[in-house]
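Worksheet: one structure, shown below.
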Amino acid sequence: MIKAAISGTGLYTPSESISNEELVECFNTYVQNFNATNAEKIEKGELDPLQESSAAFIEKASGIKSRYVMNKSGILDPEIMHPLLPERSNDEPSILCEMAVAAAKDALKNANRSVEDIDAVIVACSNLQRAYPAVSVEVQHYLGVEGFAYDMNVACSSATFGLQAALNAVQTGSAKAVLLINPEICTAHLNFRDRDSHFIFGDVCTAVVVEREDNLATDDSFEVISAKLMTKFSNNIRNNFGFLNRTAPGSENSSDKLFVQQGRKVFKEVSPLVAKMISAHLEENNFTANDLKQMWLHQANLSMNQLIAKRVFGRPVEENEAPVILDEYANTSSAGSVIAFHKHRKDLKSGDVGVICSFGAGYSVGNIILKKQ
Ligand code: COA
């Protein structure tokens, strides 16, 4: 079989960021306004008062300190509380496309490749901005890539499932080199009025070049040893936004049309599932925990990652063994594990083994075993 390698990664980070303190100040102003407006009903016991949020809680519960966003002013306006991203004409690149092109160019540069070397584009992310044409085909157009493109969505696992698709394309010869891109505007599906989750997400875009291993143009490459995917249905992370919403008038704007989760249940159910799957996948490929040098895990919760890493390694781990970018970027859905891989892999030597692992809605888990070349 043709071997495949990751030859480059790229990152687009938005220019604006929001600290926990800024976010909480806006949220608490909203809460105070709501409680003042509804004082009479609250007094009569007809309505529960809203509770304030706290920056200390957010950091302790999740490990998040800040997040990058595509629009700060709308999110931090207590009268708006969502990003403001004006619609563009069909003749302009869409915002997802713009982020994707920036990350893709960075990945191509790092892989020492140009667009002529690429023959497939996969855009894999949690939220695609329209039904069609596929965002990937638009990205392909603006990059100037010949070949084919398609979109896919497996929520937080979109990048690893996309890696599997890219790997298959290279291994079967349907493409020589694939650009996998993960544009995530997570703040647009986040309910900034929900105390339990208003702090969770940030925006970013990552890109990965996957190509035939026998003709690389860089020394900084990783052979893809194996990809393993798993899904198991759960209602604990949901977003019911979709094209049928307007066919059920009155429900279009209900809170389930944004991100909703049972965070504690997700933590408890997903952590053991992921740890077990990584260990089993390593074993299937004749590796033990001692062979593993780094894990680039999905970035949703710091304690969750520490727990998973501890179970896989069989001991408490050093920071660089399971690097964290969550503090600065928050949860960026499918892009999180790729950001960790992009920023924290320099210490690996030839022959060292690592895993990129994502997990999230579905549930879904994707694990990719890599060997530094
Ligand atoms: N500020 C202050 N207190 C808050 C708060 C906020 N913003 N949000 C919730 N609380 C309170 C709750 O009311 C609760 O209070 P109580 O104990 O008096 O009832 C307490 O804090 C704990 O709430 P809980 O929701 O159980 O917090 P948690 O410790 O589970 O942390 C998450 C919440 C979301 C950070 C955590 O569950 C998580 O990250 N889970 C994993 C999610 C995941 O991986 N998702 C994948 C999706 S991509």
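The values are calculated or read from the model by the stated rules, or taken from the named source; none is laboratory data. Every value quoted in this text rests on a predicted model; they were computed, and no experiment measured them. Using ideal geometry, Cβ is built from the backbone for each residue, glycine included, and neighbour counts are taken over all protein chains shown. All accessible areas refer to the heavy atoms of the entire protein, side chains included, with ligands and DNA or RNA removed. Shrake-Rupley method; radii C 1.70, N 1.55, O 1.52, S 1.80 Å.
Give me the percent of DSSP beta bridges within the range 2-154 that run antiparallel, rounded to the nearest 5. Before the final figure, lay out the partial values.
Details: 4 of 9 bridges.
Expressed as a percentage, antiparallel bridges in the range 2-154 total about 45.
Along the Cα→Cβ direction, 7 angstrom out, place labels at residue 288 and residue 79. What is the inter-label distance in nm?
6.5
Using a 1.4 Å probe over the heavy atoms of the protein chains, calculate the carbon and sulfur portion of the accessible area of the chain as a whole percent.
Ligands and nucleic acids excluded, carbon and sulfur give 49 percent.
Can you give the net charge of the other residues whose Cβ lies under 10 Å from the Cβ of residue 125, counting K and R as +1 and D and E as -1? All intermediate terms of the calculation are to be shown ahead of the outcome.
Details: positive: none; negative: 151, 184.
Taking every other residue near residue 125 into account, the sum is -2.
Starting from the Cα-Cα distance between residue 255 and residue 217, subtract it from 0.36 nm times their residue separation and give me the gain in nm to one decimal.
Residue separation times 0.36 nm, minus the Cα-Cα distance, leaves 8.9 nm.
Could you tell me which of 299, 111, 34 has its Cα farthest along the dipole of the chain towards the positive end, charges placed at Cβ (Lys, Arg +1; Asp, Glu -1), taken about the Cα centre?
Of the listed residues, the answer is 299.
So, in nm, how far is label residue 91 from label residue 327 when the simple model puts each one 7 Å beyond its Cα toward the Cβ?
Between residue 91 and residue 327, the label points sit 4.8 nm apart.
Mind giving me the nanometre distance, one decimal, between the label points for residue 233 and residue 21, set 7 Å out from Cα along Cα→Cβ?
Here the answer is 4.7 nm between the modelled labels.
Compute the FRET efficiency between residue 243 and residue 176 as 1/(1 + (r/R0)^6), taking r as their Cβ-Cβ distance and R0 = 41 Å, and round to the nearest 0.05.
With a Förster radius of 41 Å, E is 0.70.
Calculated FRET efficiency, residue 262 and residue 1, Cβ-Cβ r, R0 41 Å, to nearest 0.05?
Given R0 = 41 Å and the Cβ-Cβ separation, E is 0.50.
Arranged from highest to lowest average of other beta-carbon atoms within 10 Å per residue, in what order do the peptides 327-335, 41-49, 178-186, 99-107 appear?
178-186, 327-335, 99-107, 41-49
If contacts are Cα pairs under 8 angstrom and at least 6 residues apart, what is the relative contact order of the chain in percent?
For the chain, the relative contact order is 23 percent.
Helix-derived [θ] at 222 nm for the chain: sum -39500 (n - 2.57) over DSSP H runs of at least 4, divide by residue count, nearest 500?
Working: 11 runs with 123 residues, N = 373.
After summing the helix terms and dividing by residue count, I get -10000 deg cm²/dmol.
Would you mind classifying the range 16-111 by shape? Square roots of the alpha carbon gyration tensor eigenvalues, ordered a ≥ b ≥ c; an a/c under 1.5 is rounded, otherwise it is prolate if a/b is larger than b/c and oblate if not.
In terms of gyration-tensor shape, oblate.
I need the calculated FRET efficiency for the pair residue 150 and residue 43, taking r as the beta carbon distance and R₀ as 45 Å, to the nearest 0.05.
Given R0 = 45 Å and the Cβ-Cβ separation, E is 0.20.
Just to confirm a number: summing +1 for Lys and Arg and -1 for Asp and Glu over residues other than residue 218 whose beta-carbon lies under 11 angstrom from that of residue 218, what do you get?
-1
Separation of the range 63-102 and the range 276-336 by C-alpha centroid, Å?
29
Quote the relative contact order of the range 222-372 in percent (integer), defining contacts as alpha-carbon pairs under 8 Å separated by 6+ residues.
It comes to 35 percent, rounded to a whole number.
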